[in-house]
Amino acid sequence: MADEHPHKIRPHAFHEANALHSSFFGEPLPSPSVNTAPSPQRRPQNERMCMGGHRDPIYGTAFSPDGKYLATASEDSTVRIWLVQSHKLVATLSEGMDTNYECLRVAWMKITNDNDSNLQQNVGGVEKYVLASGGADGVVRLWSAVENEEEKKLEWQCVGSLNHFVEDDEERPQIYALQFIQSPSYPNIDIMLTSAHDSVYLWTIENGNEESSSESPNARQKKFLSLSSIQFSHLDDASQTYQFGGPRNPENELYVFDACYSESNDLLAAALSDGTCRVLSLAASNVDEDESIQREQCVL
């Protein structure tokens, strides 16, 4: 009967050949070749969807507060909005984006009845969603989704931008941290958290004086107001920390790689390039708030 697997070497035959090879050449035969081709990757059983549409890697994702939409930020300098239930791409946001810089982060604002009612009043519709995106160009952009009263369809428009640099020719800070927060220390205020270089910033958002623009005819333009900033520095004993970048960072400059806020304890944590995590309290006090934040800093 023919061997069902002619490509396989029978163990007994290999043992005999190995003995002969060792007697003639003083060393054993190499182990029989094994088919090491990787088996097809199986998707996790609980994987719900796989959405492809970006031309380059995706760096950031965020679900809308109601879970209906998913936003993705990509190296292709776009933000894409997906309808979760149908996996359908419903919007591609690229207005004002510089294609030389990737988009890194996205974050949604939670719109509730407690929000400033004026923030949701627009021409020709009601503002349903507010989304922020941050990129390697040092710019945070604010996107508004207004529901068309006639078609009941969301229309996405850029309604504001925030530069984290002063001069166009300076090194652009990459926006690695982006989050909308609500702190008991600042009641009834929606705060946007961002980071650039060695600092974390807190901003409030208000409607501007302009009702609309040619680029955003149905949405009111918004402006950013600085609430607070936190600049980090190297620890006194810098020898105990990591020097990021090696020769490419001769001055051992410090960078914020991520930051997040917890409403339950009013704490903010920042991940730094020196290998430390700094935890701060946003709790207001009778002294200057910036000084209070810096004084209540601890290191992990």
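The values are calculated or read from the model by the stated rules, or taken from the named source; none is laboratory data. Only a predicted model underlies this, so the values are computations on that prediction, with no experimental measurement involved. Cβ coordinates were reconstructed from backbone atoms using ideal geometry, including for glycine residues, and neighbour counts include every protein chain displayed. Heavy atoms of the whole protein, side chains included, go into the accessibility calculation; ligands, DNA and RNA do not. Shrake-Rupley method; radii C 1.70, N 1.55, O 1.52, S 1.80 Å.
A few points about this structure:
- The lone exception for residue 198 - which of (1) closer than 24 Å to residue 74 by Cβ; (2) open to solvent by 20 Å² or more (accessible area, probe 1.4 Å) it fails: (1)
- Scanning the stretch 270-285 for residues that are surrounded by 17 or more Cβ atoms within 10 Å (Cβ to Cβ) and within 14 Å of residue 230 (Cα to Cα) turns up 270, 271, 272, 278, 280, 281, 282.
- Of all the residues in the stretch 245-265, those that are touching an Asp or Glu at 6+ places or on another chain (Cβ under 7 Å) and open to solvent by less than 20 Å² (accessible area, probe 1.4 Å) number 2.
- For residue 167: the one exception among (1) open to solvent by 60 Å² or more (accessible area, probe 1.4 Å); (2) more than 30 Å from residue 251 (Cα to Cα): (2)
- Count of residues meeting criterion [farther than 29 Å from residue 188 by Cα and either not in a loop (DSSP other than H, G, I, E, B) or not polar (S, T, N, Q) (or both)] in the stretch 94-110: 7
- Residue count for the stretch 77-93 satisfying the condition of being surrounded by 16 or more Cβ atoms within 10 Å (Cβ to Cβ) and free of Cβ contacts under 8 Å to residues at least 40 places away in the same chain: 4.
- Tally of residues being part of a loop (DSSP other than H, G, I, E, B) and either at pLDDT 95 or above or within 12 Å of residue 129 (Cβ to Cβ) (or both) across the stretch 48-66: 3
- Condition check for residue 186: assigned to a loop (DSSP other than H, G, I, E, B), at pLDDT below 90 and crowded, with 16+ Cβ neighbours inside 10 Å: yes
- Set 131, 142: member being in a strand (DSSP E or B) and surrounded by fewer than 23 Cβ atoms within 10 Å (Cβ to Cβ): 142
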